[in-house]
Amino acid sequence: RCCQVRARQGWLDERAIAAARTLSVQCGLNLMSCYLKLGRFEECMNEGSEVLLGCDDSSNVVVKACYRRGQAYRGLRNV
């Protein structure tokens, strides 16, 4: 959201916004992986929701985020 506000004010160009969004999504996926390894399944599911909100539907990020959220759901069921 911060990037969108700055873009409206002319601070960032579209390429910078796209790069920031991509970096944010990739960091979210990495964080999901960490949460899974630590057994913090609820945090993983919440982060997965944020990742899915921040990416476009055509990317393979959706597959990774859904897969990791599925692992978290499975982990919660086994706890």
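Taking 7 Å along the Cα-to-C-beta vector as the label spot, tell me the Q26-E50 distance in nanometres, rounded to one decimal.
Between Q26 and E50, the label points sit 1.8 nm apart.
For a quick check: sort R40, R74 by the number of other beta carbons within 10 angstrom, fewest at the front. Intermediate results must be reported in sequence, preceding the final value.
Numbers: R40 17, R74 11.
Fewest-to-most Cβ neighbours within 10 Å comes out as R74, R40.
Each value in this text was obtained by applying a stated rule to the coordinates, not by laboratory testing. Keep in mind that what you see is a predicted model, and the values were worked out from it rather than measured. Glycine gets a Cβ as well: all are built from the backbone with ideal geometry, and neighbour counts include every protein chain shown.
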